[in-house]
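Only one structure is covered here, and it is reproduced in the block below.
The values are calculated or read from the model by the stated rules, or taken from the named source; none is laboratory data. Remember, it's a predicted structure, so these values are computed and weren't measured experimentally. When we count neighbours, we look across all protein chains shown, and the Cβ atoms used for this are built from the backbone with ideal geometry, even at glycine. The area values use the complete protein model at the heavy-atom level, side chains included, leaving out ligands, DNA and RNA. Shrake-Rupley method; radii C 1.70, N 1.55, O 1.52, S 1.80 Å.
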Amino acid sequence: MEYEGLNEARELIESSSNVVFLTGAGMSAESGVPTFRGKDGLWKKFKAEELATPEAFQSDPKTVWEWYDSRRAKLRTVRPNAGHYSIAKFGLRKDVNIVTQNVDGLHKKAGSKDIHELHGNIWTVKCTRCSKKSENYDVPIKILPKCECGGLLRPGVVWFGESLNQKILSRSSEALSKANLTVVVGTSGLVQPAASLAMIAKSNGSKVIEINLNKTPNYGLIDLFLIGKAAEILPQMLSE
Ligand code: BV8
Ligand code: ZN
């Protein structure tokens, strides 16, 4: 299928040396991972505020862990899609950084390097007592999992009202300051501060391409909008 703007996008890609991909839940949609706000959105059944917050975990850790456990179980069965693999392959021939809001780990599974997980990773856990971070792939996870120190473990993700990891944010900003092309893929652009990164790239002189099924708040600042599915457009846009 020919996408309008694809040739222009390919020219921008080929003439760029440093490319940053800003990815959201739409990047993993074709892997079968439910997005947050889509029709089958994760947050249709649950309200984010009720679950993805430290207060929710404080008051009802069991329910929050049951939600993450069900998401981990689903994620265990999914694979990266052609979009993830095309970015990984592209990273072999250009200087690529991935700044993702996704916690599913699929970019890494597809073989990409230089990934900055703004909102953490669903396969990491953090101790609420000694703050020790570790990877945990148990599915199902023993609800109310405990650290060796006896402290309650929490999902290693960033919740609403929690600040992002400063090191990850500064590495992402550094990559964006060097980028001459930024590709925003599959994000509704509603969650801050991630949603402002495209504007930062633009103000640093980067060209900005957006791939989405529909227009987003970024529409005013982007140079090129490609409407369609990430897993279909990216392979055509990034192939040599
Ligand atoms: C912070 C991890 C402050 C957990 C997540 C009022 C105004 C402005 C901001 C705020 C406000 N009130 C509160 C805030 C701040 C808040 C915020 O932004 N709220 C929003 C809702 C208004 N932000 C925070 O709290 C952040 N922290 O600000 O700290 C602070 C400062 C100092 C000291 C203390 C505190 C932390 C936010 C992180 C929240 N954690 N996730 C988990 O996953 O369980 S957010 C979660 O939602 C994701 O990580 C992601 O960021 C976001 C989902 O967004 P998307 O990825 O865009 O997904 P979505 O479903 O929305 O959209 C999918 C898109 O894909 C759509 O556009 C669709 O069209 C497209 N699509 C679908 N299929 C495809 C496709 N595109 C292409 N191909 C397809 N096939
Ligand atoms: Zn501990």
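Numbers at a glance
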{"quantity": "Test: Leu176 is closer than 16 Å to Ile13 by Cα, within 16 Å of the chain's Cα centre (by Cα), aliphatic (A, V, I, L, M) and buried (at least 22 other Cβ atoms within 10 Å of the Cβ)", "calculated": "yes"}
{"quantity": "Boolean, Val20 is modelled with pLDDT of 95 or more and in contact with a strand residue (DSSP E or B) (Cβ under 9 Å, 6 or more places away or on another chain)", "calculated": "yes"}
{"quantity": "Ser173 more than 21 Å from Leu106 (Cβ to Cβ), without any contact (Cβ under 8 Å) to a residue 60 or more places away in the chain, out of contact with any helix residue (DSSP H, G or I) (no Cβ under 9 Å at 6 or more places or on another chain) and hydroxyl-bearing (Ser, Thr, Tyr)", "calculated": "no"}
{"quantity": "Check on Lys126, open to solvent by 20 Å² or more (accessible area, probe 1.4 Å), over 18 Å from the mean Cα position of the chain (by Cα) and farther than 30 Å from Ile200 by Cβ", "calculated": "no"}
{"quantity": "Matching entry among Glu240, Glu232 (being more than 14 Å from the chain's Cα centre (by Cα), farther than 20 Å from His116 by Cα, in a helix (DSSP H, G or I) and among the acidic types (Asp, Glu))", "calculated": "Glu232"}
{"quantity": "Strands (runs of 3 or more DSSP E) wholly inside the stretch 40-137 that include at least 3 residues being more than 16 Å from ligand 2 (Cβ to nearest atom)", "calculated": "95-100, 115-117, 120-127"}
